[in-house]
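Enquirer: My structure is below; once you've seen it, I'll send some questions.
Any read-out appearing in this document is the output of simple, stated calculations on the displayed coordinates, not a laboratory observation. The shown structure was predicted, so the numbers you read here are calculated from the model rather than taken from an experiment. Because the Cβ atoms are built from the backbone with ideal geometry, glycine has one as well, and the counts that use them run over all protein chains shown.
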Amino acid sequence: MVIKNLFVNYSDAGDRGSPVIIFIHGFPFNKSMWNFQVESLKDKYRLIAYDIRGHGSSEAGNEDFSIDLFADDLIGLMDALKIDRAILCGLSMGGYIALNAAEKHKNRFDALILADTQCIADTPEAKEKRKKAIEGIRENGVQKYAEESVKNLFASDSFTTRVNEVTSVREMIVKTSEESIISTLLALSTRKETCHILSEIEVPVLIMVGIEDKLTPPDAARFMHEKIKGSLLKIIDHAGHVSNLENPGEFNAGLKEFIASVY
């Protein structure tokens, strides 16, 4: 679909008359990371999964990437599909986008699912890491960046128990263009914190995190849980930063129970 002169790749599964859940992938992945969830939930709900601009098969466009821009794109997609309200489920960068959109468009969302994410802005140390990552990509290309990234994304056991998922994530990263990865790293390093809005969130919120998540650890999830009144916290066993892929059974069970309580 072309939205504001930009081709956006998305999937639309399930009954059109059912409640809508929109899945927002992490960086630098694509919508296919949600296949387990779409397959598990499509009998009861309408499920939208889309590629963020510059990722998967969605065009990058000419604007400078930012979390604000990604959130505006999300609203543009909802408008184009005539979706007034939905539940947002975002993992990592997808969680940043979900919180940004929820702050600016409170009346568009029935609930939030925040997976393996956090509300803080990048620390100076994190910004320096992203800067070095950009330099490394420019010098050595995306392949080496993918190999290094995968080491931090998964729980230790996943490298033997979820070999297909590790391979799939590595391929997602490699297929993302160098320009898009660098632009998104810059967007992540300059994003604003959203911790100040947590106490104002009035819709139901489920927070999920892999017990071995090194990038946005359980303590970051607990912090958000304490700030969001009435939120639920689920720590996923046998999982790191991509908990929906590493332990889809536990992740999906948490999703189903939460969504059923909302609708």
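Enquirer: With all distinct Cα pairs included, what does the Kirkwood hydrodynamic radius of the range 37-157 come out to in Å, to one decimal, could you say? Don't skip to the end; give the middle numbers.
Expert: Numbers: mean 1/r = 0.0604 Å⁻¹.
Its Kirkwood hydrodynamic radius stands at 16.6 Å.
Enquirer: Of the listed pairs Lys131/Lys151; Lys227/Lys256; Lys44/Lys151; Lys31/Lys129; Lys31/Lys131; Lys42/Lys104, which have alpha-carbon separations greater than 30 Å here? Don't skip to the end; give the middle numbers.
Expert: On the way: Lys131/Lys151 19 Å; Lys227/Lys256 24 Å; Lys44/Lys151 35 Å; Lys31/Lys129 26 Å; Lys31/Lys131 26 Å; Lys42/Lys104 28 Å.
Too far apart for the 30 Å limit: Lys44/Lys151.
Enquirer: A follow-up question, please. Can you list residues whose amide H is under 5 Å from Met208's amide H, if they're 5+ apart or on another chain and H is modeled 1.01 Å from N?
Expert: Leu114, Ala115, Asp116, Lys234
Enquirer: I would also like to ask the following. Got a sec to turn the phi values of the range 44-61 into Karplus ³J(HN,Hα) couplings, 6.51 cos²θ - 1.76 cosθ + 1.60 with θ = phi - 60°, whole Hz, x for Gly and Pro?
Expert: Calculated HN-Hα couplings, in order: 10, 9, 8, 10, 10, 10, 9, 8, 4, 3, x, 10, x, 9, 7, 5, 7, x Hz.
Enquirer: Output the peptides 121-128, 156-163, 173-180, 21-28 sorted from most to least packed, where packing is the average of other Cβ atoms within 10 Å over each peptide's residues. Each step should come with its number before you reach the end.
Expert: Numbers: 121-128: 12.0, 156-163: 14.4, 173-180: 16.4, 21-28: 25.8.
Result, highest mean Cβ count within 10 Å first: 21-28, 173-180, 156-163, 121-128.
Enquirer: Mind listing the phi-derived Karplus ³J(HN,Hα) values for the range 113-130, rounded to whole Hz, using 6.51, -1.76 and 1.60 with θ = phi - 60°, and x for any glycine or proline?
Expert: 10, 10, 10, 6, 9, 7, 9, 6, 7, 4, 6, x, 5, 5, 4, 5, 4, 5
Enquirer: Right, next: Classify the range 118-263 as rounded, prolate or oblate, taking a ≥ b ≥ c as the square roots of the eigenvalues of its Cα gyration tensor: rounded when a/c is under 1.5, otherwise prolate if a/b is larger than b/c and oblate if not.
Expert: On the way: a/c = 2.27, a/b = 1.33, b/c = 1.71.
Here the range 118-263 falls in the oblate category.
Enquirer: Let me ask something else about it. Just report the Cα centroid separation between the range 217-232 and the range 124-162, whole Å.
Expert: 26 Å
Enquirer: For the ranges 96-107, 221-232, what's the packing order if you count other beta-carbon atoms within 10 Å of each residue, average per peptide, and put the highest first?
Expert: On the way: 96-107: 20.3, 221-232: 17.3.
Per-residue Cβ counts within 10 Å, averaged per peptide and sorted highest first, yield 96-107, 221-232.
Enquirer: Next up: Within the range 2-262, what percent of beta bridges assigned by DSSP are antiparallel, to the nearest 5? Don't skip to the end; give the middle numbers.
Expert: Working: 6 of 30 bridges.
DSSP beta bridges in the range 2-262 are roughly 20 percent antiparallel.
Enquirer: Which label belongs to the value computed from this structure, given these candidates for Cα Rg over 2.2 N^0.38 Å: [x] 0.93; [y] 1.10; [z] 1.03?
Expert: It is the one labelled [x].
Enquirer: Taking θ = phi - 60°, what integer Hz values does the Karplus form 6.51 cos²θ - 1.76 cosθ + 1.60 yield along the range 177-189, in sequence order, with x for Gly and Pro?
Expert: Once rounded to whole Hz, the list reads 5, 4, 5, 5, 5, 5, 4, 6, 4, 5, 5, 5, 6.
Enquirer: His241's amide H: which non-local residues (gap 5+, or another chain) put their own amide H closer than 5 Å, with H modeled 1.01 Å from N in plane and none for Pro or chain starts?
Expert: Amide H neighbours of His241, under 5 Å, 5+ apart: Phe154, Ala155, Lys214.
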